[in-house]
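The values are calculated or read from the model by the stated rules, or taken from the named source; none is laboratory data. Everything numeric here is computed off the predicted structure, so don't read it as measured data. Note: ideal-geometry Cβ built from the backbone for every residue, glycine included; neighbour counts use all protein chains shown. What goes into the accessible areas is simple: the full protein's heavy atoms, side chains included, and nothing from ligands, DNA or RNA. Shrake-Rupley method; radii C 1.70, N 1.55, O 1.52, S 1.80 Å.
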Amino acid sequence: MAAGVDDGSPATRFGSVAGGLMCRSVAIHHDGRQQGVQVSLTPLGARAIYGMPAAELAHRLVPLDELLGALAVELVDRLRSATTWAARFTALDELLLRAVGHGACGGHVRWVRPEVAEAWRRLVAARGCVQVGAVAAELGWSRRYLTERFRGEVGLSPKTFARVMRFEHAHELASAQDPLPWGDVATVSGYADQAHLVRDWREFTGRSPTAWRRSEALLGAG
């Protein structure tokens, strides 16, 4: 895996890996086939399992055993030896629940401030189409204070996280079997106009929307 696409980021081989929020795509390199299990954690869930703010993993790819130690080794072994999906999900449930509340170093976990958790929920629910200042006011905080506390927990500012949410929505629409025209994708996902969508798409993927769609078509054909 490499924390970037076509930008010279070094590729590292992992047996198991954890990563935080990023403002760019991650490239997965393989020899034609791959097998694995992906678990998507919210920053709040990452705090519960890893015992640290998700901000400490932002823009990083970290071997899972550096975070969970022997528990990660056991998890990988059980997933590899399992022969059914039911057995794999059982292993995930058992081992991740054992990690909850203990953290990477076995100490007590400090939980997330409820205001930060609520800001996260509102940004996710609105798929990024919400004013950060309005969220801060409803929580009784200043925008600056919310930004500081949110970035300290999540690793991105609320404004940047909202941009990622809008991009993810646009990506879902653009990846559909019968995708909308780009102008409609921009409108539905909350961009001011198509040019705004193009700027974010280039920043997050390193490619224009048209070049991205062309590369996805080539991958699908292969």
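Candidates Val37, Trp212, Ala192 compared by Cα position along the dipole of the chain: farthest toward the positive end lies Ala192, with charges placed on Cβ. Charged side chains reduced to their Cβ positions (Lys and Arg at +1, Asp and Glu at -1) give the chain a dipole of some 360 debye around its Cα centre.
Under a 5 Å amide H cut-off, with hydrogens placed 1.01 Å from N, Ala18 pairs with Val62, Leu64 among residues at least 5 apart or on other chains. In this simple spin-label approximation, His29 and Trp111 carry label points 7 Å from Cα along the Cα→Cβ vector, and these lie 4.3 nm apart. When the helices of the chain are scored as -39500 (n - 2.57) per DSSP H run of n ≥ 4 and the total is divided over every residue, the value at 222 nm lands at -16500 deg cm²/dmol. For the range 112-186, with all protein chains present and a 1.4 Å probe, just round the carbon and sulfur fraction of the accessible area to a whole percent. Carbon and sulfur atoms account for 50 percent of the accessible area of the range 112-186. Label separation (Ala82 vs Ala192): 4.7 nm, computed from points 7 Å beyond Cα along the C-beta direction.
Let me have the relative contact order for the chain, percent, based on Cα pairs under 8 Å that are six or more residues apart. Dividing the mean separation by the residue count of the chain yields 19 percent. Gyration tensor over the Cα atoms of the chain: the corresponding equivalent ellipsoid has semi-axes (square roots of 5 times the eigenvalues, largest first) of 30, 26, 15 Å. Accessible area per residue for the range 1-65 is 59 Å², calculated with a 1.4 Å probe on protein heavy atoms, without ligands, DNA or RNA.
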